[in-house]
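The values are calculated or read from the model by the stated rules, or taken from the named source; none is laboratory data. What you see is a predicted model; the values in this text were computed from it and never measured. All Cβ positions, even for glycine, are placed from backbone atoms using ideal geometry, and neighbour counts span all protein chains on display.
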Amino acid sequence: MRPISELADAIHQQWKERNYALEVFPEVAAEGLTRACLPEQLKPRDILDWLENVGENYLPRQADLSNSFGEPAVTLWRGERFFVDALFWTTGTTSIHQHGFLGAFQVLAGSSLHTEFDFETHESIGSFIRKGALNARAVRVLERGAVHPIHTGDKLIHSLFHLDVPSVTIVVRTPSAQVGTPQFNYHRPGIAISPPRGLQWLTKMTQGLILLQTMGDEDFGRRAAGVLARLDLESAVTLLFELFWKTRDGARFQEILRNGLAAHRPLASFLEEVFLCLRRDTSITTMRSKVLNPDHRFLLALLLNVDRRETVLELVRQRTRSPEPVLAICDMLRELSEGDSQGSLGVTFDETTLAVLEQLLRGRSPAEALHALEHTYGPEAVASSREDLLALCEALRTSTLFGRLLGPAPSYR
Ligand SMILES: [Fe+2]
């Protein structure tokens, strides 16, 4: 594919002149992408056409045959020192992750909400798990054509929430083996964990436990907790993450965690908070997979990633160009709710709920919100529904969608 081979040749030439120094590759790759103006030359359909016609003898060796990162991920060009991928995204969203490779990416089509994070390590659990504090440091929309360098380790911890279907990114990157930094995924409020490393006994024993659960074995919970108690902490946390993804019953999972890590109380409490956050985040990304309107996806992306009300309102103001971002959010929620016949939002946004939410989004306390509602509905009407309205405030402040934005500050901050 000519635009890609020209891009690769230009990057190769620039990097050669810098003696292939690894530390300059992100800069060289980002400059090459910026100069190539790929979005002007290449459409997502061109890549799909190429894929159909390239044939088995000319397809470069694929870096990600199982689409672990992309829907699909396609290697377009491969050299000895770096390669070029196209990552298509439809319903998927990336985890919060760092990289075991160097390079740069460009948004070829669509747009994405890009959030960068800082991670402060407080404690290492073995070599592949770190406990600490994860905080979003910057959030912005990457439009078509935007280029971003990829650094290894904690110099770039980020997530991408893709707003359009499809969103396509071109990634120019080194093979992971050249750099040798572990790839960590991050979860709120602050844990970094490497993907499972294929340890044979741990993997097969986990699969056995999951089978017990699928069979509905009554002894599953007791046996899982027993195994956790006998494992080293790094293996125990790895097992807990695997069980989390396979256990629908949240209360049962929590019981296994508490019993299995009874000897490690502070860590068990911290992990309970991690899995609560993860359940909430997973609920929002599941909602997102059913929503196609880019503005609605944008709102869900903000509710997933941003915990400052002022930042959310500013980003909505920029995107919608509305002088009243609170009202723009309420309009979007009304539209989302109307299209939510399956109830996947978990909240029905009727007029009363939206009126209360509007006040909370303006930064008012529940008491202030009720006072403001008196102007619209009259003091008697508000007084007669006072308990219901306060309960509604509480439900919104602890809801999956608005908990991060409106709820009490979590203990980890
Ligand atoms: Fe990334």
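Given the options Asn19, Asn57, Asn67, name the one that is outside the structural domain of Arg319 (by TED's automatic domain parsing) and within 18 Å of Gln178 (Cα to Cα).
Working: Asn57 fails: within 18 Å of Gln178 (Cα to Cα); Asn67 fails: within 18 Å of Gln178 (Cα to Cα).
Exactly one residue qualifies, and that residue is Asn19.
Would you call Gly110 farther than 26 Å from Leu42 by Cα and away from the ligand (no atom under 12 Å from the Cβ)? Talk me through it step by step, then tell me what you get.
Working: farther than 26 Å from Leu42 by Cα: no; away from the ligand (no atom under 12 Å from the Cβ): yes.
Criteria not met by Gly110.
Could you tell me which of the residues Val74, Val54 is more than 26 Å from the chain's Cα centre (by Cα) and of a type in the set (A, V, I, L, M, F, W, C)?
Details: Val74 fails: more than 26 Å from the chain's Cα centre (by Cα).
Exactly one of Val74, Val54 is more than 26 Å from the chain's Cα centre (by Cα) and of a type in the set (A, V, I, L, M, F, W, C), namely Val54.
Tell me, which helices (runs of 4 or more DSSP H) wholly within segment 242-355 include 3 or more residues that are farther than 30 Å from Ala225 by Cα and modelled with pLDDT of 85 or more? Spell out the reasoning first.
Working: elements: 250-260, 265-288, 294-305, 309-320, 325-338.
Answer list for segment 242-355: 294-305, 309-320, 325-338.
Looking at Ala104, Ala146, Ala138, can you tell me which residue is hydrophobic (A, V, I, L, M, F, W, C), surrounded by fewer than 15 Cβ atoms within 10 Å (Cβ to Cβ) and within 16 Å of the ligand (Cβ to nearest atom)? Give the steps one after another, and end with the answer.
Values: Ala104 fails: surrounded by fewer than 15 Cβ atoms within 10 Å (Cβ to Cβ); Ala146 fails: surrounded by fewer than 15 Cβ atoms within 10 Å (Cβ to Cβ).
Testing whether each residue is hydrophobic (A, V, I, L, M, F, W, C), surrounded by fewer than 15 Cβ atoms within 10 Å (Cβ to Cβ) and within 16 Å of the ligand (Cβ to nearest atom) leaves just Ala138.
Answer yes or no as to whether Glu358 is within 25 Å of Thr115 (Cα to Cα) and part of a helix (DSSP H, G or I). Steps first, please.
Working: within 25 Å of Thr115 (Cα to Cα): no; part of a helix (DSSP H, G or I): yes.
In short, no.
Does Ser176 meet the test of being buried (at least 17 other Cβ atoms within 10 Å of the Cβ), polar (S, T, N, Q) and within 16 Å of the ligand (Cβ to nearest atom)?
Values: buried (at least 17 other Cβ atoms within 10 Å of the Cβ): no; polar (S, T, N, Q): yes; within 16 Å of the ligand (Cβ to nearest atom): yes.
No.
Of all residues in segment 34-53 being farther than 22 Å from Glu71 by Cα and among the hydrophobic types (A, V, I, L, M, F, W, C), which is surrounded by the most Cβ atoms within 10 Å (Cβ to Cβ)?
Selected residue: Ala36.
Within segment 77-101, restricting attention to residues that are of a type in the set (D, E, K, R) and either more than 14 Å from the ligand (Cβ to nearest atom) or under 15 Å from the mean Cα position of the chain (by Cα) (or both), which residue is surrounded by the fewest Cβ atoms within 10 Å (Cβ to Cβ)? Explain how you work it out, then say what you get.
Filtering segment 77-101 down to residues of a type in the set (D, E, K, R) leaves 78, 80-81, 85.
Adding the requirement that they be either more than 14 Å from the ligand (Cβ to nearest atom) or under 15 Å from the mean Cα position of the chain (by Cα) (or both) leaves 78, 80-81.
Working: Arg78: 16, Glu80: 7, Arg81: 14.
So, considering only residues that are of a type in the set (D, E, K, R) and either more than 14 Å from the ligand (Cβ to nearest atom) or under 15 Å from the mean Cα position of the chain (by Cα) (or both), the one surrounded by the fewest Cβ atoms within 10 Å (Cβ to Cβ) is Glu80.
Taking only segment 209-234 into account, find how many residues are touching a residue at least 60 places away in the same chain (Cβ under 8 Å), out of contact with any Phe, Trp or Tyr (no Cβ under 9 Å at 6 or more places or on another chain) and either surrounded by 15 or more Cβ atoms within 10 Å (Cβ to Cβ) or assigned to a helix (DSSP H, G or I) (or both). Steps first, answer last, please.
In the first step, residues of segment 209-234 are kept if they are touching a residue at least 60 places away in the same chain (Cβ under 8 Å); the result is 232-234.
Filter again for out of contact with any Phe, Trp or Tyr (no Cβ under 9 Å at 6 or more places or on another chain), leaving 232-233.
Adding the requirement that they be either surrounded by 15 or more Cβ atoms within 10 Å (Cβ to Cβ) or assigned to a helix (DSSP H, G or I) (or both) leaves 233.
Selection size over segment 209-234: 1.
For segment 264-305, name all the residues that are touching a residue at least 60 places away in the same chain (Cβ under 8 Å) and among the small types (Gly, Ala, Ser).
Ser283, Ser289, Ala301
Before we move on, is Thr75 modelled with pLDDT of 95 or more, in contact with a strand residue (DSSP E or B) (Cβ under 6 Å, 6 or more places away or on another chain), assigned by TED's automatic domain parsing to the domain that holds Tyr186 and of a type outside the set (Lys, Arg)? I'd like the intermediate steps shown before the answer.
On the way: modelled with pLDDT of 95 or more: yes; in contact with a strand residue (DSSP E or B) (Cβ under 6 Å, 6 or more places away or on another chain): yes; assigned by TED's automatic domain parsing to the domain that holds Tyr186: yes; of a type outside the set (Lys, Arg): yes.
Answer is yes for this residue.
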